[in-house]
Amino acid sequence: MSYSDRARGLYLNQLNGLKESGIFKQERFIHSNQSAEIEVEYPPGSSVKKVINICSNNYLGLSSHPEVVKAAHAGLDYRGFGMSSVRFICGTQDIHHELEARVTEFLGTEDTILFPSCMDANAGVFEAILTSDDVMISDRLVHASIIDGMRLCSAEHDTFKHSNMEHLEEKLEQYANKRLRMVITDGVFSMDGDTARLDEMARLCEKHDALLFVDDSHATGFIGKTGRGTHEKYGVMGQVDVITTTFGKALGGASGGCVSGRRELVEMCRQRARPYLFSNTISPVIVSGTLRAFELLTQTTERRDKLEKNTIYWRKGLSEAGLIIKEGDTPIVPVMLFNAKLSQDFSRDLYDLGIYAIGFFFPVVPQGQARIRTQVSAAHEIHHLNQALEAFTAIGKKYNILGKTKQEIIEMYGM
Amino acid sequence: MDDIKEVVLEYVKAEYAEDEDEVTYDTPLISGGLVDSFSMVSLKRFLETKYKISIPDDKATPEAFDSVNKIVQLVKEFQK
């Protein structure tokens, strides 16, 4: 037997280490559709409890939308379950091409290529379009999938301080001798909910003849006046060279992602991106549901507008209750608690009061910046938000942090 | 040799710290979350260029880069 007691012992030690340091992750089983209200079994084996979900990426409430579900059923009926092939052998249907065209039109780019996920898009894109003669200059807070993708690429890499345009320009000057320089950022940063200053970044890229890359996974569908994304918000549509995004959040939330941007760069991905070349693409069911999600978004901005109203209401409510939130205007609203244990206790107490939101702490966020990350959805009605605000206020009161400054909370609970 | 300490501290402050961050010779840089392991690469590159040394990847560990004092120790080891 190759899996010896020694091998088992090694893994058990590692897993116990994770448990002891409090970073062991455990899933919560949901017995319902994804929505504003969900039925959760947690801890495993306990009875199912109905709670308000305020931590999903279901920004537009499309995950269980009847029209999306209906379209997915139709996709299953007319195009089958799977392709049993990668794209370039016999794994491309007309609807894959249709979805690529739809994304291109929606984002205002030149072309698009689908990937099994945005994680795969980010894993494949850099290696496909950059070489060891180039440099990737990324914001320090970009998503882990971008970091993994950069690690797979032979181009040199460097980072600039989060959203610090002076530091970015220094780096652009430092690497002036490179064949290509690519500036890399998230559109909306997933932990803080702030947005990249794309107008300034586009200006700097123009000035220094650099390419601009944006991962807009937490923006596509709802950021900007018509939900096109962060590039629409900052008035730079057509000026971002590469956009990667996901269908696994606002756009129905199933799975799948893409690279969208300059025609030649997308074509390079079709020729060279390994997750595209060596794995099946999105199944027909998901393509069909996602196409319907795009149709719904293009017909009206109603859902995006409702999300914006809900976000304003939620941010105002938390601030007025005396909690510290990260300033911004996106539906990602971190409630700052600073201390890791406090964030875990706060989350557990919220759950007891019927509110589902998770505490994040180091190493997911920097040391001393523990928080509850809340995410607003268009699926929320005002009564959901009011009930959540009541719970946040009651627990804030319990821990005596309402109206307190960061310093005061740290003095009470430590970093 | 003390000037290495000053140079590294100044570089770390300018390159990684925000205005509100207090950085001393013993501040934990990586385990404290000030410098992430991905950004550490530019620090290694800076040291190699500035001091004309080559730090092998197996020596450029997060532990060896975890404070200004430890970094100075590492630089001295490869200056020999």
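The values are calculated or read from the model by the stated rules, or taken from the named source; none is laboratory data. Remember, predicted model here, so these are calculated numbers, not experimental data. Ideal geometry is used to build each Cβ from the backbone, glycine not excepted, and the neighbour counts take in all protein chains shown.
So the values come out like this:
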| read-out | value |
| --- | --- |
| Single unsatisfied condition, A:Glu327 versus (1) part of a helix (DSSP H, G or I); (2) surrounded by fewer than 22 Cβ atoms within 10 Å (Cβ to Cβ); (3) within 22 Å of the chain's Cα centre (by Cα) | (1) |
| In the stretch A:47-97, residue farthest from A:Ser217 (Cα to Cα) [restricted to those that are surrounded by 18 or more Cβ atoms within 10 Å (Cβ to Cβ) and small (Gly, Ala, Ser)] | A:Gly75 |
| Count of residues meeting criterion [over 15 Å from A:Leu342 (Cβ atoms), assigned to a loop (DSSP other than H, G, I, E, B) and touching a strand residue (DSSP E or B) at 6+ places or on another chain (Cβ under 7 Å)] in the stretch A:353-375 | 1 |
| Residues of the stretch A:348-363 satisfying the condition of being modelled with pLDDT under 95 and surrounded by 16 or more Cβ atoms within 10 Å (Cβ to Cβ) | A:Ile358, A:Gly359, A:Phe360, A:Phe361, A:Phe362 |
| Test: residue in the stretch A:338-347 that is buried (at least 22 other Cβ atoms within 10 Å of the Cβ), under 30 Å from B:Val35 (Cβ atoms) and under 18 Å from the mean Cα position of the chain (by Cα) | no |
| Subset of the stretch A:277-320 (residues that are in a helix (DSSP H, G or I), assigned by TED's automatic domain parsing to the domain that holds A:Tyr78 and of a type in the set (Phe, Trp, Tyr)) | A:Phe294 |
| Qualifying residue in the stretch A:237-249 (condition: small (Gly, Ala, Ser) and surrounded by 23 or more Cβ atoms within 10 Å (Cβ to Cβ)) | no |
| Search result, residues across the stretch A:1-26 that are under 30 Å from A:Ser343 (Cα atoms) and either in a loop (DSSP other than H, G, I, E, B) or modelled with pLDDT of 95 or more (or both) | A:Tyr11, A:Leu12, A:Asn13, A:Gln14, A:Leu15, A:Asn16, A:Ser21, A:Gly22, A:Ile23, A:Phe24, A:Lys25, A:Gln26 |
| Considering residues of the stretch B:1-60 that are in contact with a Pro (Cβ under 8 Å, 6 or more places away or on another chain) and closer than 16 Å to A:Gly368 by Cα only, the residue nearest to the other protein chains (Cβ to nearest Cβ) | B:Gly33 |
| Hits in the stretch A:296-307 (condition: under 12 Å from A:Gly221 (Cβ atoms) and either among the hydrophobic types (A, V, I, L, M, F, W, C) or without any contact (Cβ under 8 Å) to a residue 12 or more places away in the chain (or both)) | A:Leu296, A:Leu297, A:Leu307 |
| Residue satisfying condition, being under 30 Å from A:Gly75 (Cβ atoms), touching a helix residue (DSSP H, G or I) at 6+ places or on another chain (Cβ under 9 Å) and surrounded by fewer than 24 Cβ atoms within 10 Å (Cβ to Cβ), within set A:Arg263, A:Arg292 | A:Arg292 |
| Flag if B:Leu47 is farther than 20 Å from A:His162 by Cβ, out of contact with any Leu (no Cβ under 7 Å at 6 or more places or on another chain) and crowded, with 17+ Cβ neighbours inside 10 Å | yes |
| Index of the failed condition, A:Glu302 passing every other in (1) crowded, with 17+ Cβ neighbours inside 10 Å; (2) farther than 16 Å from A:Gly396 by Cα; (3) more than 21 Å from the chain's Cα centre (by Cα) | (1) |
| Test: A:Ile137 is in contact with a strand residue (DSSP E or B) (Cβ under 9 Å, 6 or more places away or on another chain) and within 14 Å of chain B (Cβ to nearest Cβ) | yes |
| Residue within the stretch A:18-30 that is aliphatic (A, V, I, L, M) and touching a residue at least 40 places away in the same chain (Cβ under 8 Å) present | yes |
| Search result, residues across the stretch A:140-161 that are assigned to a loop (DSSP other than H, G, I, E, B), buried (at least 19 other Cβ atoms within 10 Å of the Cβ) and more than 10 Å from chain B (Cβ to nearest Cβ) | A:His143, A:Cys153, A:Ala155 |
| Residue match in the stretch A:172-192 (condition: among the acidic types (Asp, Glu), away from chain B (no Cβ under 14 Å) and under 18 Å from A:Gly235 (Cα atoms)) | yes |
